[in-house]
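One structure below.
The values are calculated or read from the model by the stated rules, or taken from the named source; none is laboratory data. Because the structure is a prediction, the values reported are computed rather than measured. Note that each Cβ is placed from the backbone with ideal geometry, even for glycine, and that neighbours are counted across all protein chains shown. Only protein heavy atoms, including side chains, enter the accessible area calculation; ligands, DNA and RNA are left aside. Shrake-Rupley method; radii C 1.70, N 1.55, O 1.52, S 1.80 Å.
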Amino acid sequence: MRRLIFVPVLVAVAGLALAGCAQDFGQGPEGRVTEKTKDGKKFYLVVDPAKQGKEKKFRVSKYDYHDCNRGSKYPKCIND
């Protein structure tokens, strides 16, 4: 009987652990990437939304960081 109670608890804990590993950062503004910065394991993009010099720096996943190059359009960087 104790094993039947233990299994759902173990599954729930494993699910929460995996959910905590996912990187879910809010999407930044659309525009051209002007700069990429890295601070340890944190990745940032700097985007100029309207080419008016009002750049915005925001945190992104490592996949977005690697897919976006300077001068490419965010958020669809990989296709540029």
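Selection of the range 58-80 for residues being among the polar types (S, T, N, Q) and surrounded by 14 or more Cβ atoms within 10 Å (Cβ to Cβ) yields only Ser72. Identify the residue in the range 26-43 that is outside any strand (DSSP E or B) and surrounded by 13 or more Cβ atoms within 10 Å (Cβ to Cβ) and, among all such residues, is modelled with the lowest pLDDT. In this case the residue turns out to be Gly28.
Out of the range 44-57, which residues are in a strand (DSSP E or B) and either open to solvent by less than 20 Å² (accessible area, probe 1.4 Å) or among the acidic types (Asp, Glu) (or both)?
Within the range 44-57, the first condition is being in a strand (DSSP E or B), and the residues that meet it are 44-48, 56-57.
Leu45, Val46, Val47, Asp48 - these are the residues of the range 44-57 that are in a strand (DSSP E or B) and either open to solvent by less than 20 Å² (accessible area, probe 1.4 Å) or among the acidic types (Asp, Glu) (or both).
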